[in-house]
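A.B. asks: Supplied in structure tokens, the structure appears directly below.
The values are calculated or read from the model by the stated rules, or taken from the named source; none is laboratory data. Because the structure is a prediction, the values reported are computed rather than measured. Neighbour counts run over all protein chains shown; Cβ positions are idealised from the backbone, glycine included.
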Amino acid sequence: MSDGFAATEGDHSAGRDDSRASAAGSAAGDDGQPGGNRGAMSDGFAATEGDRSAGRDDSRASAAGSAGGSCGASSNPGAPTRHAGATKNDGAFGLALLLAGLAGWVDAAGLAGSGGLFLSFMSGNTTDLAASLVHQEWPKAALIGAVIALFVAGVAAGELLEPLGGRFGPSLVLGVEAAALACGAALHWPGLVVPPSMVPYVPCPLVFAMGLQNATMHRAGGIGIGLTYVTGTLVQIGRALADIVGRKGGGDRVVAYGAVWLSLAFGSGCGVLALSLSPLAALSAAAGVALLLAVGLAVRGGAQGGHPVARHDAGTS
């Protein structure tokens, strides 16, 4: 019985092991099937993501190509660039230097008879105006206020006149400026008696002329131009020097703005020398230079059939 019982128990044990083996096999089979499906799904998902990624890459490549095409169009030699204005408006920068020198000449020559007032430097006049008001120097404040208002009126008049002249607009503005300078010179004619109350206002035609000159051009050689003042010019020189230190370029701007500043300084020196002859001679010479520039631009504009010098070139600063 013991042997029989042992045999029976052995059979039961073998049966349980076979059942467990079958269950394990079934489990393995079950797990294998879903696992295979998951693997296929993962492969399919990866393939789908790859297609999407490729699509995105193709879209980005197309966008980059379009951008490149746009940039290529912008870099077309016929499109405006920073230096296109200097090339297109040949002589504009040279004219700007001449006008800056003329402004320095007039400012220095007129300063002697203006009682210390600036003819084109309105920042200094504004400071003097504030000081006069604080000290209750009413006549002086009235004079300075009139000078500032007349300068602004000259700028406005120039901006209104220039479009009326069409391609001769700059010539028209310079012609009116020459006339205003001639009036200022005539007030220094020997023997001319000016009422004492009006003597402080003798420089007013010169102030109006300096306001007019600012309407002749706004840009030349790819940079903004201040024709009768240099504070902004010196600021631009400082910015360009900072760009040079930061290795961002700027050397061309230092040269351009430096040339404008030197032109005004040189003109001022010449004005002082001319003033040593007489105020009439100094201011008459300035009027003559403005008239010559006006005639020269008119002749050039007539010969070219277009604007001899555009006030706004295509450059940026």
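A.B. asks: How many residues are under 26 Å from the mean Cα position of the chain (by Cα), small (Gly, Ala, Ser) and assigned to a helix (DSSP H, G or I) if we restrict to region 105-162?
C.D. replies: Here the count works out to 7.
A.B. asks: Scan region 286-314 residue by residue and report those that are farther than 30 Å from residue 111 by Cβ, in contact with a Leu (Cβ under 9 Å, 6 or more places away or on another chain) and at pLDDT 65 or above.
C.D. replies: Across region 286-314, the qualifying residue is only 298.
A.B. asks: Then there's this: Could you pull out the residue among 294, 282 that is of a type in the set (Gly, Ala, Ser), under 13 Å from residue 167 (Cα atoms) and surrounded by 19 or more Cβ atoms within 10 Å (Cβ to Cβ)?
C.D. replies: 294
A.B. asks: Could you say whether any residue in region 228-241 is crowded, with 23+ Cβ neighbours inside 10 Å and closer than 19 Å to residue 294 by Cα?
C.D. replies: Checked against the condition, which is being crowded, with 23+ Cβ neighbours inside 10 Å and closer than 19 Å to residue 294 by Cα, region 228-241 yields at least one hit.
A.B. asks: Name the residues in region 260-279 that are farther than 29 Å from residue 165 by Cα and either surrounded by 22 or more Cβ atoms within 10 Å (Cβ to Cβ) or of a type in the set (Gly, Ala, Ser) (or both), would you?
C.D. replies: 265, 268, 269, 271, 274, 276, 278
A.B. asks: Could you say which residue among 209, 185, 215 is within 18 Å of residue 263 (Cβ to Cβ) and buried (at least 22 other Cβ atoms within 10 Å of the Cβ)?
C.D. replies: 209
A.B. asks: Still on this structure: Report, ordered by the first and then the second residue, all pairs with beta carbons closer than 7 Å, sequence separation of six or more or different chains, a first member in region 113-131 that is over 22 Å from residue 186 (Cβ atoms) and modelled with pLDDT of 90 or more, and a second member that is among the hydroxyl-bearing types (Ser, Thr, Tyr) and assigned to a helix (DSSP H, G or I).
C.D. replies: none
A.B. asks: Output the residues belonging to region 100-146 that are farther than 22 Å from residue 276 by Cα and buried (at least 24 other Cβ atoms within 10 Å of the Cβ).
C.D. replies: Of everything in region 100-146, just one residue is farther than 22 Å from residue 276 by Cα and buried (at least 24 other Cβ atoms within 10 Å of the Cβ), namely 144.
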